[in-house]
Amino acid sequence: MASITIRRSATTLAATVALIAGSAAGASAAPGPAEPDVAAVRTALQRVVDAGAPGTFAVIRDHGGAERSRTVTLGKANLDGTAMSANWRFRVGSNSKMFTSVLVMRLVEQGRIDLDQPLRRYLPAGTLPDSWSITARQVMEHRAGVYDHTNDLLEQSGEETTAAFEKRIRNNVYEPRDLVAMSVKHGLQYTPGTAYSYSNTDFVLMGLAAEHLTGRPYAELLREQIFEPLKLRQTTFAVPEKTIAGPHVTGYLTNDDRAKPLLDSTEQTASWVWSAGGVVSSARDMDRFMTALLAGNSGGLVSDESVRQMTSVLPTPTAKISYGLGIREIALSCGKVLGHGGIVQGYQTQTFSTRDGKRTVVLFANASNNGTVTSGLTNTLEPAFCGKVPAKAAPAPRGSLTGDGNADRHTDRWIPTVEDTRI
């Protein structure tokens, strides 16, 4: 059964006002986003549950002026029957790449990394071959030709099978440099800078660079530079600890044999993705992080110039999807939004914001290894950001990724599932 919560407040938190008022994106001059279509959000999330996710939720928060929050929850947080809660913690998967990008850009601001110099200069000796001239910028844009080491750990490229999970993911502990070594043995996949190919190894490399230049563990850098300053009290990086502390949603991996029950995949080391996917957080904290990040100077994380570089996106082979420095841009029918998606066994999250930070949307489902759940969750972004469907829009073709081609679907309102469907 669905649960919908709408909250308003007459005054805003001073910290949020400061973030929005000083945004590098010029929030004060931009019109507010359209009123979300909460009924359509609920319908879209129902499709996610119908596709096999035990539960799902959407948290839509507007910032600036009067704060407003709308929360829609459906289904269960676990198969014991506990109702889904949008207040609980979960694994955010590749949303972690935005955190790593912040650490890197702070080093750029300090003059400790030049994004256009060979990345090997900022890594421990021998991490990359001397012949590899790939730059940090190319790596963060997924345009360096670095092979994705996760393909070696899974049964097939692009698959997160239950067999592979139990054999190589749940209990195994990998060192970050060993993950890079798995990738390096395959060689560069194309001439750096000439193509786009998503690779989790790219952000393992950037995490290693941050550690090498600071002499501090990645987990400490996150805590000291992001979690504590923003008061992200539900956000941690505890790799390779397998459990999630405190109230949390149970994650379920869809079995390879669909006749078999879902596999509880909550407990896992997450060391196989490390700085590319190991963060645990909550909807509240992800909203706070995104708002601070896009606010630039006044957000306290990175400068306006860093935000400009991070959000200077290039197209990818997937329609409507572009990528910057650890940030994805999706073109919706009402405009473009910035953020990232993340899938790690049992968990799917989409965290996106308008460029001015006025609205942030966090979407979540506790099932993976299910493409219909993935596409359904991603397409919830449309009603959450763009509101009601225009009355005279043309119907979508029956082959659209939103499903069956009913007349209420529209060609400009569905989003292709992005290529990094695992993480």
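The values are calculated or read from the model by the stated rules, or taken from the named source; none is laboratory data. Being a predicted model, the structure only gives us computed values, none of them experimental. With ideal geometry, Cβ positions are generated from the backbone for all residues, glycine too; neighbour counts draw on all protein chains shown. Surface accessibility is based on the protein's heavy atoms, side chains included, excluding ligands, DNA and RNA. Shrake-Rupley method; radii C 1.70, N 1.55, O 1.52, S 1.80 Å.
Here are a few things to note about the model shown:
- Scanning the range 139-156 for residues that are outside any loop (DSSP other than H, G, I, E, B) and open to solvent by 40 Å² or more (accessible area, probe 1.4 Å) gives a single hit, Asp152.
- Within the range 116-136, the residues that satisfy the criterion of being buried (at least 19 other Cβ atoms within 10 Å of the Cβ) and either among the charged types (D, E, K, R) or over 17 Å from Gln189 (Cβ atoms) (or both) are Arg120, Tyr122, Leu123, Thr127, Ala136.
- Matching residues, the range 296-320, being among the polar types (S, T, N, Q), part of a helix (DSSP H, G or I) and either open to solvent by 20 Å² or more (accessible area, probe 1.4 Å) or at positive phi (or both): Asn297, Ser298, Gln309
- Residue list for the range 210-226, filter: surrounded by fewer than 22 Cβ atoms within 10 Å (Cβ to Cβ) and not polar (S, T, N, Q): Glu211, His212, Leu213, Gly215, Arg216, Pro217, Ala219, Glu220, Arg223, Glu224
- Candidates Lys260, Lys242, filtered to the one that is basic (Lys, Arg) and under 14 Å from Gly52 (Cα atoms): Lys260
- Leu377 within 18 Å of Thr43 (Cβ to Cβ) and either over 13 Å from the mean Cα position of the chain (by Cα) or part of a helix (DSSP H, G or I) (or both): yes
- Counted residues, the range 246-287 - those being charged (D, E, K, R), within 21 Å of the chain's Cα centre (by Cα) and open to solvent by 10 Å² or more (accessible area, probe 1.4 Å): 3
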